[in-house]
1. For the range B:37-96, enumerate the residues that are within 10 Å of chain A (Cβ to nearest Cβ), within 26 Å of residue A:194 (Cα to Cα) and assigned to a strand (DSSP E or B).
2. Taking residue B:9 as meeting all but one of (1) within 13 Å of chain A (Cβ to nearest Cβ); (2) part of a loop (DSSP other than H, G, I, E, B), write down the number of the exception.
3. Restricting attention to the range A:94-124, and to residues there that are touching a Gly at 6+ places or on another chain (Cβ under 9 Å) and assigned to a loop (DSSP other than H, G, I, E, B), which single residue is farthest from residue A:162 (Cα to Cα)?
4. Just a yes or no: is a residue in the range A:18-32 farther than 19 Å from residue A:176 by Cα and assigned to a helix (DSSP H, G or I)?
5. Looking at the range A:136-171, which of the residues that are assigned to a strand (DSSP E or B) and within 13 Å of chain B (Cβ to nearest Cβ) is surrounded by the fewest Cβ atoms within 10 Å (Cβ to Cβ)?
6. If residue B:16 meets every condition in (1) within 14 Å of another protein chain (Cβ to nearest Cβ); (2) among the small types (Gly, Ala, Ser); (3) farther than 22 Å from residue A:139 by Cα; (4) surrounded by 13 or more Cβ atoms within 10 Å (Cβ to Cβ) apart from one, which number is that one?
7. Could you tell me which residue of the range A:172-195 is nearest to residue A:32 (Cα to Cα), considering only residues that are assigned to a loop (DSSP other than H, G, I, E, B) and within 18 Å of the chain's Cα centre (by Cα)?
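The values are calculated or read from the model by the stated rules, or taken from the named source; none is laboratory data. Model, not experiment: these values are computed from the prediction. Don't worry about glycine lacking a Cβ; one is built from the backbone with ideal geometry, like all the others, and counts go over all protein chains shown.
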Amino acid sequence: MKTFADINVKPPIKEYPIQEQMAKMAGQMGLHVVGLRFPSGVASSEIESSKKIFRSRGLDVAVGIDIFPNNRKQLLTQLGALRNKFEIVRVICSDTRIAEVASRDNRVDLISLEHQRSFRSKLSALGNCKSALELEISRLIAPSLKARSESLKALCEEIILAERCNVDTVISSGATNAITLRAPRDMASVFTFLGMPKDVSLKAVSNTPLEIIKANRDRLSGKSAGCGVRLVRLKPQ
Amino acid sequence: MRIVCDSNFSERDLMSALSDVGRDFFGLAGLSQMSYRVVRFYLNRGEAVLKCRMDSAEKLRATTTLLTHVAGQPAAAFVVRSSGTIKALTKATGHQ
């Protein structure tokens, strides 16, 4: 049986009944791993209480953070400060320059090109990308038809580019309440119709996010010193 | 499929919501190819059994995912199980 993950669930801060509903629904939808995503500056007590709510429903919880840097220096400073505190780090790229830097930095797990308008800027960002590209289903369930059609076009472009540049993709819900949560297989089927091969779309809701979480948990626990380097302690003779 | 909605809705409301989303996403031709219908509807459980052409099952799943409103109220829907026969489906879900 496949293990599914949604690594972009944004629980509303201090809204515990809504968080309870989200956790209950995530379990019903067949999710095993949930990545709770917080904006920077949220109190650690709030993060812990949200984790507790989701864990009480039998879900494996990973905690992530979204970074919105305005320039390269800010990006590097925030990565240095936050990388060792969270299991998932996503950079939302406001311009091409930041996207290029973020995509080549090993400390970044996910990048979002939602704010990149042109095909060329997306291509330059994904050209030598080491992190995975995150595609959120919440972009498609926008209230207006115009916004939805624009998102549809942008997502199709991102799928084509990710395939061309051999970049891993992660499909997530970007849910902020129970109504915006979506089942993993269902999300994968939407992206299959947008041009993603079926096996890739299923991998994007299972293996790829799970590998990111595993690698970061190893790194945070001190078992790993980086990509492909595992720390082994030997007993003194 | 299971539908999560704060207010009550009828089978007709569900069909109408699904056809709106299907038309927006796949166009009229795509919608007609799916040829789906509601076979069973359980308002108390918020569940429905839908039947469609076998080659359109994924299309119906995608339509379900993009459903945001039923009867004018915010809603979400997800596929609990898909199966070739209703007998196998009821056996797998444990519902009659």
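1. Correct list: B:69, B:74, B:75, B:76, B:77, B:78.
2. In the conditions (1) within 13 Å of chain A (Cβ to nearest Cβ); (2) part of a loop (DSSP other than H, G, I, E, B), residue B:9 misses (1) alone.
3. A:107
4. No; the residues of the range A:18-32 include none that is farther than 19 Å from residue A:176 by Cα and assigned to a helix (DSSP H, G or I).
5. A:136
6. Status for residue B:16: all satisfied but (1).
7. A:183
Results for (1) among the acidic types (Asp, Glu); (2) modelled with pLDDT under 95; (3) closer than 26 Å to residue B:94 by Cβ; (4) surrounded by fewer than 17 Cβ atoms within 10 Å (Cβ to Cβ), shown as yes or no for each residue.
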residue: B:5; (1), (2), (3), (4): no, yes, yes, no
residue: B:8; (1), (2), (3), (4): no, yes, yes, yes
residue: B:22; (1), (2), (3), (4): no, yes, no, no
residue: B:37; (1), (2), (3), (4): no, yes, yes, yes
residue: B:40; (1), (2), (3), (4): no, yes, yes, yes
residue: B:44; (1), (2), (3), (4): no, yes, yes, yes
residue: B:51; (1), (2), (3), (4): no, yes, yes, yes
residue: B:55; (1), (2), (3), (4): yes, yes, no, yes
